[in-house]
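**Student:** Before we start, here is the structure in question, set down as structure tokens.
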Amino acid sequence: MQQSAPSAAKPNWPHVAWFLGLVFGFSWLVDLVLYLNGGLSNPATMLLLQFQMLLPAFSAMFLGVFFFKESPIYHRTHRSASRWFVYYYFALTTVYLIGAVAALAQPDQTATFSSLLLIPSVLGLVLLIVLRLVGGKGTFASAGMAGGKARIWALYGLGLVAYYGFQTLLNYLFGLGEVVDLAAAFPQMAAANLPAGALLPIMALNTVVIGPFLGLIIAFGEEYGWRGYLQTELIKLGRVRGVLLLGAIWGVWHWPVIWMGYNFPGQPVLGSLAMVGLGVLLAYFFAHSVFKSQGVWTAAYLHALNNQALSFFFMAVVTPYDNLLSFGAGFPGLALGAVVVALLLRDPVWKITE
């Protein structure tokens, strides 16, 4: 008797629930610790937020290595050189946890701890290169960690920088922000006796060119979890619907720090809604880059660049008077981002079935 064709694949909801339970449980516990230790005023805030960015990848890797037998990184079947990067990531998360606890215990030493933690991040980049050379082209692709295409990195990266540059210009033209006095805002750079005209280009080079690569390993912590694991499951619902759901989940994940005043000070409710909107828009942009480049590291690079570009344009060029009512992460910026996403959704790549 002839068998009927198998039905379309659906997300493995029990596995998705385990992943989200770990990510939200670990992450919101970190947020609770931060809240109980003074909130965003604590000197260790940025270090704790960086540690939190590692947790989606840690959760996905922990479940994939030890529990999800169908995972490409399951310990009994994963034999490529990329397995050493997985073990490195477990170690990196542990080291960051130790650094975060130390910073909470000795807040005045936070800058020292943060500087020391740059070392394992740089070592992670070196390890990536070595394992790629040793294992060959497919070593990371077979583990769901493909690097993607260089031209997509460059094209989407330039587009992202232009996008935020344009929004910065709109904030200036519509009087929604104030031009930054760099010498006053960054006295440490002015103290280096640099010419006034050189401050902005130097900051741009450091922030938009060098910064994303220094933050690449940390950004991968989110992207392997969200785009690498969760997106792969949710787009079984259809790429457009799956990414929409992912973006909403991603935005909600940020809520505790929004409630503490991050990004939208004094606007916990509207700020939470704006964060979900931003999560959805960025989810579509990052997903499109992954579909086009076929590599999760593309999203990691763009995530790191996105964070750096936002900081540069809206802290060192034109600072918005009200983050919620200005271009960038505010509602006017979300409206502009929705136009960009609408254009991206016209690409046939969204109609591909998994």
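The values are calculated or read from the model by the stated rules, or taken from the named source; none is laboratory data. Keep in mind that what you see is a predicted model, and the values were worked out from it rather than measured. Using ideal geometry, Cβ is built from the backbone for each residue, glycine included, and neighbour counts are taken over all protein chains shown. Remember, those area values only see protein heavy atoms, side chains included, never the ligands or the DNA or RNA. Shrake-Rupley method; radii C 1.70, N 1.55, O 1.52, S 1.80 Å.
**Student:** Which value at 222 nm does the chain reach when only helices count, each DSSP H run of 4 or more adding -39,500 (n - 2.57), with the total divided by all residues and rounded to the nearest 500 deg cm²/dmol?
**Tutor:** -20500 deg cm²/dmol
**Student:** Quick one: what do you get for segment 4-149 if you divide its Cα Rg by 2.2 N^0.38 Å? Mind dumping the intermediate values first?
**Tutor:** Values: Rg = 17.9 Å, N = 146, 2.2 N^0.38 = 14.6 Å.
Taking N as the residue count of segment 4-149, the ratio is 1.23.
**Student:** Output ³J(HN,Hα) for segment 143-152: one whole-Hz value per residue in order, computed from phi by the Karplus curve 6.51 cos²θ - 1.76 cosθ + 1.60 with θ = phi - 60°, and x for Gly and Pro.
**Tutor:** Each residue of segment 143-152 in turn: 9, x, 10, 4, x, x, 9, 4, 5, 6 Hz.
**Student:** Starting from the Cα-Cα distance between Leu173 and Ile352, subtract it from 0.36 nm times their residue separation and give me the gain in nm to one decimal.
**Tutor:** 60.4 nm
**Student:** Same structure again: Explain nothing, just the number: relative contact order of the chain, from Cα pairs under 8 Å at least 6 residues apart, as a whole percent.
**Tutor:** For the chain, the relative contact order is 23 percent.
**Student:** Over the Cα atoms of the chain, each weighted equally, I'd like the Debye log10 I(q)/I(0) at q = 0.07, 0.08, 0.11 Å⁻¹, rounded to two decimals.
**Tutor:** For the chain, the Cα-only Debye profile gives -0.31, -0.40, -0.78.
**Student:** So for Trp18, Trp259, what's the accessible-area order with a 1.4 Å probe, most first?
**Tutor:** Trp18, Trp259
**Student:** Please work out the C-alpha center-to-center distance from segment 264-319 to segment 46-103 and express it in whole Å.
**Tutor:** For segment 264-319 versus segment 46-103, the Cα centre distance is 23 Å.
**Student:** May I ask you to list the residues of segment 312-354 whose amide nitrogen lies under 19 Å from a point 7 Å from Cα along the Cα→beta-carbon direction of Ala162?
**Tutor:** 313, 328, 336-347
**Student:** Considering only protein heavy atoms, what is the solvent-accessible area of Leu200 at a probe of 1.4 Å, reported in Å² to the nearest 10?
**Tutor:** 70
**Student:** Hey, another quick one. Could you work out, for segment 234-354, what percent of all Cα-Cα pairs fall into each 10 Å distance bin, beginning at 0 Å and stopping at the bin that holds the largest distance?
**Tutor:** Pairs per bin, as whole percents: 13, 42, 33, 11, 1.
**Student:** Separate question: What order do you get for 27-35, 325-333, 67-75 when each peptide is scored by the mean count of other beta carbon atoms within 10 Å, highest first?
**Tutor:** The peptides rank, most packed first, as 325-333, 27-35, 67-75.
**Student:** Run the dipole for segment 238-354 about the Cα centre, Lys and Arg Cβ at +1, Asp and Glu Cβ at -1, nothing else charged, and hand back the magnitude in debye, nearest 20.
**Tutor:** My answer is approximately 300 debye.
**Student:** Using packing as a proxy for protection, rank 164-176, 239-251 so that the peptide with the highest average count of other Cβ atoms within 10 Å comes first.
**Tutor:** Numbers: 164-176: 17.4, 239-251: 20.3.
Going from most to least packed, we get 239-251, 164-176.
**Student:** If I fit a long axis through the Cα atoms of helix 331-344 and take the longest principal axis of the Cα atoms of the chain, what angle between them do I get, 0 to 90°, rounded to 10?
**Tutor:** 40
**Student:** Among Gly124, Gly136, Ala111, which residue has its Cα furthest toward the positive end of the charge dipole of segment 25-151, with +1 on Lys/Arg Cβ and -1 on Asp/Glu Cβ?
**Tutor:** Gly136
**Student:** Before anything else, pin down the relative contact order of segment 235-336: Cα pairs under 8 Å, at least 6 apart, normalised by residue count, whole percent. Could you put the intermediate results ahead of the total?
**Tutor:** Values: 101 pairs, mean separation 24.7, N = 102.
Worked out over segment 235-336, it gives 24 percent.
**Student:** At 0.36 nm per residue, and after removing the present C-alpha to C-alpha distance, how many nm does the segment from Leu40 to Phe90 gain when stretched out fully? Don't skip to the answer; put the middle values down first.
**Tutor:** Values: separation 50, 0.36 × 50 = 18.00 nm, distance 2.66 nm.
In short, 15.3 nm is gained.
**Student:** Near Trp253, within a Cβ-to-Cβ distance under 12 Å, what is the net charge of the other residues, with Lys and Arg +1 and Asp and Glu -1? List each step's numbers first, then the result.
**Tutor:** Working: positive: none; negative: Asp31, Glu222.
Charge balance near Trp253 sits at -2.
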